[in-house]
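Beneath this line is the structure, given in structure tokens, with notes to follow.
The values are calculated or read from the model by the stated rules, or taken from the named source; none is laboratory data. Predicted, not measured: the structure shown is a model, and the values here were computed from it. Cβ coordinates were reconstructed from backbone atoms using ideal geometry, including for glycine residues, and neighbour counts include every protein chain displayed.
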Amino acid sequence: MAKTTLAFALSAALLVAPAALSDIKAGIKAQEDGAFDVALTEFKKDINVTTSRFEANWRTGQTYIMMGDPKEALNYLETAIEENADHAEAQYWWGAANGQTAQSASIFSALGYAKKSKKAFERAIELDPDHLEARGALVQYLLQAPGIAGGDKDAALVQANEIFARDKSKGLVNLIAAHQAREEPAEAMAKADALVALDPSNYIGYSVRGQIHRTDGSMEKAYADFKALTSLTGTEEDEIDNIKFGNYYLGAVASKGKIHIAEGIEAMTGFLSDTEFTKPYLESSPLEGYANYYLASLYLQNGNLTAARTSFDTAQSSKRKDKDLKKLLKKFKKVLKKAT
């Protein structure tokens, strides 16, 4: 009887495996095409199938993260990790789910999620030392997390150098972030120079170098870097958004440095028309108010008082203003009054 049952189970597994494999492949293809709902449907067909349960669960969790729902991802990824804790990719996504969930969790539960995130990234690296996504995620974690949650800027620098040893371009990106967090502008500038020389298509080198020039008052150099940034093309959403931000910085530098005024106006108006300020990461940002303030300043420098007042009023009416913007607007109001 036992032999018969075992034989039946093996036969069933052999029958299920090809269909399950087909579901997984279909889910991966849908995921690659951005059809996340279809991917979920395919993966979920197999979350209880013995031969494909592990992969179906971690890929379901991965898909939920891609859809911006890390909390929903947790259950599936936890199931996968419980079944196989020695899979680097699953550990990486388990870390991502916990880290993203920590960001919106209550103060009482955030620390627990954060620690699980760090542990998962470390485990992924232990399993696969060449998993650069996990190393990069760990760098960001170490730079951003408080000490009580394991944040450590020195350790982040070590990890960034490990990435550099394996991939110079990605390593430089992480080294720049580490040096900036450690308030080491000279080192960040050197790495940005190296990144621009190594990979002229990478927006980060121009962006960081431009920001450093802007901070130290080298406005023409900052303008040149941001101009180069806007000439790039991107394929990923974050690349495209950051390249668009080049227009914002062009306008801001033109305003503050009193240079390239007409080009600054064109850049800032382009930024305002192209940017969706309702995106989650911009919803609470005062960026739109700053953009209109700089545009008002540029119009005033160009002698267009009517346009300057319009942009100023738009900035003034913004509901998302921080203290610095309020100070700038208060000062500009007096300048605008004198100009009339």
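Take the stretch 237-292 and flag every residue that is polar (S, T, N, Q), over 20 Å from residue 208 (Cα atoms) and part of a helix (DSSP H, G or I).
Across the stretch 237-292, the qualifying residues are 269, 273, 292.
So which pairs qualify, if the first residue must be in the stretch 170-188 and in contact (Cβ under 8 Å) with a residue 12 or more places away in the chain, the second must be assigned to a helix (DSSP H, G or I) and basic (Lys, Arg), the Cβ gap must be under 7 Å, and the two must be at least 6 apart or on different chains?
Sorted first by the residue in the stretch 170-188, then by its partner, the pairs are 172/191; 175/191; 176/191; 178/153; 179/191; 181/153; 182/153.
Quick grid of which residues meet (1) surrounded by 19 or more Cβ atoms within 10 Å (Cβ to Cβ); (2) farther than 25 Å from residue 136 by Cα; (3) of a type in the set (Ser, Thr, Tyr); (4) modelled with pLDDT under 95:
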residue: 182; (1), (2), (3), (4): no, no, no, no
residue: 185; (1), (2), (3), (4): no, no, no, yes
residue: 238; (1), (2), (3), (4): no, no, no, yes
residue: 251; (1), (2), (3), (4): yes, yes, no, no
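One line per residue, one yes/no per condition, for (1) closer than 11 Å to residue 96 by Cα; (2) surrounded by fewer than 21 Cβ atoms within 10 Å (Cβ to Cβ); (3) outside the structural domain of residue 97 (by TED's automatic domain parsing):
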residue	(1), (2), (3)
114	yes, no, no
117	yes, no, no
133	yes, yes, yes
138	yes, no, yes
143	no, no, yes
146	no, yes, yes
151	no, yes, yes
159	no, no, yes
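Can you tell me which of 187, 162, 183, 237 is among the acidic types (Asp, Glu) and closer than 23 Å to residue 271 by Cβ?
After applying the criteria, what remains is 237.
Do any helices (runs of 4 or more DSSP H) entirely within the stretch 106-178 hold 2 or more residues that are hydroxyl-bearing (Ser, Thr, Tyr), and if so, which?
110-127
Taking the condition under 12 Å from residue 206 (Cβ atoms) and surrounded by fewer than 17 Cβ atoms within 10 Å (Cβ to Cβ), does residue 221 pass?
It is true that residue 221 is under 12 Å from residue 206 (Cβ atoms) and surrounded by fewer than 17 Cβ atoms within 10 Å (Cβ to Cβ).
Those residues that are part of a loop (DSSP other than H, G, I, E, B) and under 16 Å from residue 188 (Cβ atoms), I need them from the stretch 206-236; list them, please.
If the condition is that a residue be part of a loop (DSSP other than H, G, I, E, B) and under 16 Å from residue 188 (Cβ atoms), then 216, 218 are the ones that fit.
Would you please name the residue that is surrounded by the fewest Cβ atoms within 10 Å (Cβ to Cβ), looking only at residues in the stretch 254-275 that are closer than 16 Å to residue 296 by Cβ and hydrophobic (A, V, I, L, M, F, W, C)?
For the stretch 254-275, the residue satisfying everything is 262.
Return the pairs, sorted by first residue and then second, in which the second residue is in a helix (DSSP H, G or I) and charged (D, E, K, R), the first residue lies in the stretch 190-210 and is within 10 Å of residue 169 (Cα to Cα), the beta carbons are less than 7 Å apart, and the residues are 6+ apart or on different chains.
196/209; 198/168
Which one of 52, 104 is among the small types (Gly, Ala, Ser), farther than 21 Å from residue 150 by Cα and not assigned by TED's automatic domain parsing to the domain that holds residue 149?
When all the criteria are applied, what remains is 52.
Scan the stretch 45-99 for residues that are touching a helix residue (DSSP H, G or I) at 6+ places or on another chain (Cβ under 8 Å) and in a loop (DSSP other than H, G, I, E, B) and jot them down.
Correct list: 45, 46, 47, 49, 50, 51, 52, 67, 84, 85, 86, 87.
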